[in-house]
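Written out below as structure tokens is the structure these notes cover.
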Amino acid sequence: MEKEYFAHETAVIDEGCSIAKGVKIWHFSHIMSNCTLGEGCNIGQNVVVSPGVVLGRNVKVQNNVSIYTGVICEDDVFLGPSMVFTNVINPRSAVNRKSEYARTVVKKGASIGANATIVCGHDIGEFAFIGAGAVVTKDVPAYALLVGNPARQTGWMSEYGHKLKFDADGLAVCPESGEQYRLANGRVSKIG
């Protein structure tokens, strides 16, 4: 059976992977055993996808990203160049903690900027936006915009990636899509 994905000749793909139709795997990337790459994923240069990692449909992984065991990315996630996931809270070279890998879930549509760090065990909400260089040390709500080290929330983002400006009634409109959002009780939801 002919494969339905593209892999550059320098890419290494271990046995036991599930790679869906339309996936592109670029130069010097390593796809390790028992990971799942959903339809239409794009894996940039020098990327490592560790055993057991799950990437949903249309996940874009930019150059120099390592996605470690314990990470799950839902559909339409963007992982910026050289961003970092961890998978152990207290790593030591001489102490084997493979049984302590913490789970991190990046929800649908979230974007993580270049050189950001996601400390393991903290989930990133749907359509959240993590700014370049941010260090995430806690869970991130849906639609939240986080920047800095440690990362702090500075606003809310639309599904199209625009900062939302809420009026006195807690309503905002995305300038690109025209979609409306409501802010209530510290949470954002799309209207309609």
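Taken together, the values in this text are just the output of simple stated rules run on the coordinates, not laboratory data. Here the structure is a predicted model, which means the values were calculated and not measured. Note: ideal-geometry Cβ built from the backbone for every residue, glycine included; neighbour counts use all protein chains shown.
Just in segment 1-53: which GluC sites (Glu not before Pro) are loop by DSSP and have at most 13 other Cβ atoms within 10 Å?
Sites meeting the loop and neighbour criteria: E2, E4, E9, E15.
Among DSSP beta bridges lying fully in the chain, give the percent that are antiparallel, nearest 5.
Antiparallel bridges: around 30 percent, rounded to the nearest 5.
May I ask you to list the aspartates and glutamates whose Cα is less than 16 Å away from that of K165, ignoring any residue fewer than eight positions away on the same chain?
Answer for K165, where 16 Å is the Cα cut-off: E176, E179, listed by chain and number.
Which of the trypsin sites (Lys or Arg not before Pro) found in segment 65-117 are in a DSSP loop and have at most 15 neighbouring Cβ atoms, other than their own, within 10 Å?
Hits after loop and neighbour filter: R97, R103.
If you build the convex hull over the alpha carbons only and average its shadow over all orientations, what do you get for segment 12-126? Give it in nm² to one decimal.
Averaging across all directions leaves 6.5 nm² for the Cα convex hull.
From the backbone phi of segment 103-112, what are the Karplus-calculated ³J(HN,Hα) couplings (6.51 cos²θ - 1.76 cosθ + 1.60, θ = phi - 60°) in whole Hz, Gly and Pro given as x?
Listing the rounded values in order: 8, 10, 10, 9, 6, 3, x, 6, 10, 10 Hz.
Could you check which residue among Y143, Y160, Y68 shows the biggest mean-square fluctuation in a GNM of the chain with a 10 Å Cα cutoff?
Result: Y160 has the largest fluctuation of those listed.
V106's amide H: which non-local residues (gap 5+, or another chain) put their own amide H closer than 5 Å, with H modeled 1.01 Å from N in plane and none for Pro or chain starts?
Correct list: I72, C73, E74, I124.
Go through segment 1-85 and name the trypsin sites (Lys or Arg not before Pro) that are in a DSSP coil and have 13 or fewer other Cβ atoms within 10 Å of their Cβ.
K3, K21
Per Stokes-Einstein, at 4 °C and 1.567 mPa s, what whole-number D in µm² s⁻¹ belongs to the chain, with the Kirkwood radius over Cα pairs as the hydrodynamic radius?
75 µm²/s
In whole Hz, what ³J(HN,Hα) sequence does segment 182-188 give by Karplus (6.51, -1.76, 1.60; θ = phi - 60°), x for Gly and Pro?
For segment 182-188, the Karplus curve yields 10, 10, 8, 6, x, 10, 10 Hz.
Can you give me the long-range amide H partners of V48? Hydrogens built in the peptide plane at 1.01 Å from N, cutoff under 5 Å, separation of 5 or more residues or another chain.
Result for V48 returns H30, V65, S66, I67.
Give me a comma-separated list of calculated 3J(HN,Hα) values for segment 160-169, in order, Karplus coefficients 6.51, -1.76, 1.60 applied at θ = phi - 60°, integers in Hz, x for any Gly or Pro.
Here the 3J(HN,Hα) series is 8, x, 10, 5, 8, 10, 8, 7, 4, 8 Hz.
With springs only between Cα atoms under 10 Å, which of A134, A114, A94 fluctuates most in a Gaussian network model of the chain?
Top of the fluctuation ranking is A94.
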